[in-house]
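The values are calculated or read from the model by the stated rules, or taken from the named source; none is laboratory data. Since the structure is predicted, the reported quantities are computational estimates derived from the model, not experimental observations. Quick reminder, even Gly has a Cβ in these numbers, built from the backbone with ideal geometry, and neighbours come from all protein chains shown.
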Amino acid sequence: MPRSGETASAEHYNARCVWLISEIFPNRFRGLAVSVSVSALWIACFALTFTFPVLNSALGSAGTLWVYAGICFGGFLFVPLRVPETKGKTLEQIEKDLAPAGGR
């Protein structure tokens with residue numbers, strides 16, 4: 001029974017991610033951006049599902065956990081170092097801040 005609960009929880013999380021992803025893009029290219037984002041999400045889910053049995057048989061449970069923990073730690077470092085703060089800014093301000101120097 002715990003397996004089905006874990007699966008339901010994971011599916012619920014992915015569904016929420018997709019809805020939140022759609023809110024961060026401007027209307028003029030939201031469709032394309034959401035398509036790319038959701039595709040990347042499902043590719044990552046596939047990569048995790050595909051690599052888990054291989055890593056688990058090669059490294060054991062603890063080794064597999066440490067590999068995935070290292071990937072998460074890399075993301076943990078990436079976000080504060082490379083993703084700009086957007087709290088309190090409008091979508092238009094964020095677009096202006098992230099636009100290339102020469103304009104569009």
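Here are the numbers for this structure:
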quantity: Of residues in the stretch 69-94 being at pLDDT below 90 and aliphatic (A, V, I, L, M), the one surrounded by the fewest Cβ atoms within 10 Å (Cβ to Cβ); calculated: VAL83
quantity: Given (1) surrounded by 11 or more Cβ atoms within 10 Å (Cβ to Cβ); (2) of a type in the set (Val, Ile, Thr); (3) in a helix (DSSP H, G or I), number of the condition ILE43 does not satisfy; calculated: (1)
quantity: Subset of the stretch 56-68 that is surrounded by 10 or more Cβ atoms within 10 Å (Cβ to Cβ) and not hydrophobic (A, V, I, L, M, F, W, C) - its residue that is nearest to the chain's Cα centre (by Cα); calculated: TYR68
quantity: Candidate set: the stretch 12-66, residues that are aromatic (Phe, Trp, Tyr) and closer than 25 Å to LYS89 by Cα; chosen: the one modelled with the lowest pLDDT; calculated: TRP19
